[in-house]
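This report refers to the structure that appears directly beneath it.
The values are calculated or read from the model by the stated rules, or taken from the named source; none is laboratory data. Note that the structure is predicted; figures quoted are calculated from it, not measured. Ideal geometry is used to build each Cβ from the backbone, glycine not excepted, and the neighbour counts take in all protein chains shown.
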Amino acid sequence: MKSQPNSTLFYLILFSIIFCLNLNAQTEDELFNMITPDDESETAILPERMIFTQRLLWGHKGLFRKTGIAPLNLEMREKELKLRKIMLKTHQYIGYTTLLAMIAQGIIGGKLYNGESDLYETHKRMGKIVNFGYFTGAGLSLFSPPPLLNRKVRRLNSIKAHKILATIHFSAMLSTNYFSDRDRGAHKASAYTLFGSFAAAVLVFKF
């Protein structure tokens, strides 16, 4: 009977690896379709719409502009767009790894809730790994240089769905950590919400 959880873990990890490799085989155009302009006649080198973290660092009066680290000119913007692609690609790979860690954490957590108290420290350590991967990936996305254009899209597409799900799983991540040693039921509910929304955020780029 003891071999069943190990067998389940093996198949879950195997499925996740196959899924992630298959997901990565998709075209990058969908993920990075806002890095380069659709209309080559556009001459603006910064988009009008930027998220707060991008404006803080990369905006017209951003920290990198004021300090001279990244002066605002066409040559620098070309370098920034290359950096953006690297950061988003790394964000993507870290997302896959974090998803695998979440699956392992969920299995360990399930055993812990079923009375295997000797796994408590393992559960805590795995939680730190999940946190590190999650917030590293989030930072790469939030602080990447802005795209050349960032048009507002009314219809729902993969990028918009990814951002909506990101809001959900970010809140769930904070909630999971907050309730970790405070409320067992709330911690478990937050963890399920986190995994479901995070997995969906990864999956959404497949369609």
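Quick check: anything in segment 112-134 touching a residue at least 40 places away in the same chain (Cβ under 8 Å), among the hydrophobic types (A, V, I, L, M, F, W, C) and out of contact with any Cys (no Cβ under 6 Å at 6 or more places or on another chain)? Scanning segment 112-134, I find no residue that is touching a residue at least 40 places away in the same chain (Cβ under 8 Å), among the hydrophobic types (A, V, I, L, M, F, W, C) and out of contact with any Cys (no Cβ under 6 Å at 6 or more places or on another chain), so the answer is no.
So that you can scan it fast, the table gives a plain yes or no per residue for (1) of a type outside the set (Asp, Glu); (2) surrounded by 12 or more Cβ atoms within 10 Å (Cβ to Cβ); (3) within 20 Å of the chain's Cα centre (by Cα); (4) at pLDDT 85 or above:
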| site | (1), (2), (3), (4) |
| --- | --- |
| Tyr11 | yes, no, no, no |
| Cys20 | yes, yes, yes, no |
| Asn33 | yes, yes, yes, no |
| Thr36 | yes, yes, no, no |
| Ala44 | yes, no, no, no |
| Ile51 | yes, yes, yes, yes |
| Gln54 | yes, yes, yes, yes |
| Trp58 | yes, yes, no, yes |
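Listed by first and then second residue, the pairs with beta-carbon distance under 8 Å, at least 6 apart or on different chains, first residue in segment 72-96 and under 16 Å from Gln54 (Cα atoms), second among the charged types (D, E, K, R) and part of a helix (DSSP H, G or I), are Leu72/Arg65.
Give the residues of segment 136-156 that are of a type in the set (Gly, Ala, Ser) and over 19 Å from Lys82 (Cβ atoms), sorted by residue number. Lay out the reasoning, then the answer.
Of segment 136-156, the ones of a type in the set (Gly, Ala, Ser) are 137-139, 141, 144.
The answer is Gly137, Ala138.
If only one of Lys128, Lys163 is assigned to a helix (DSSP H, G or I) and at pLDDT below 90, which one is it? Only one candidate qualifies: Lys163. Would you check if Ser175 is touching a helix residue (DSSP H, G or I) at 6+ places or on another chain (Cβ under 6 Å), under 30 Å from Ala44 (Cβ atoms) and surrounded by 15 or more Cβ atoms within 10 Å (Cβ to Cβ)? No. What residue, among those in segment 81-107 that are farther than 11 Å from Val130 by Cβ and of a type in the set (S, T, N, Q), is modelled with the lowest pLDDT? Across segment 81-107, the extreme among qualifying residues is Gln92.
Residue-by-condition table, conditions (1) modelled with pLDDT of 90 or more; (2) acidic (Asp, Glu); (3) surrounded by fewer than 14 Cβ atoms within 10 Å (Cβ to Cβ):
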{"residue": "Phe132", "(1), (2), (3)": "yes, no, yes"}
{"residue": "Ser158", "(1), (2), (3)": "no, no, no"}
{"residue": "Arg184", "(1), (2), (3)": "no, no, yes"}
{"residue": "Ala189", "(1), (2), (3)": "yes, no, no"}
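Scanning segment 109-138 for residues that are over 23 Å from Leu203 (Cβ atoms) and of a type in the set (A, V, I, L, M) turns up Leu112, Leu119. Is there a residue in segment 114-127 that is of a type outside the set (D, E, K, R), within 18 Å of the chain's Cα centre (by Cα) and under 30 Å from Leu72 (Cα atoms)? Looking through segment 114-127, none of the residues is of a type outside the set (D, E, K, R), within 18 Å of the chain's Cα centre (by Cα) and under 30 Å from Leu72 (Cα atoms). Only a single criterion out of (1) in contact with a Phe, Trp or Tyr (Cβ under 8 Å, 6 or more places away or on another chain); (2) among the aliphatic types (A, V, I, L, M); (3) surrounded by fewer than 18 Cβ atoms within 10 Å (Cβ to Cβ) is not satisfied by Ile164, namely (1).
Do you know which of the residues in segment 152-181 that are without any contact (Cβ under 8 Å) to a residue 40 or more places away in the chain and of a type in the set (Ser, Thr, Tyr) is nearest to Val204 (Cα to Cα)? In this case the residue turns out to be Thr167. The single condition from (1) in contact (Cβ under 8 Å) with a residue 40 or more places away in the chain; (2) assigned to a helix (DSSP H, G or I) that Leu149 fails is (2).
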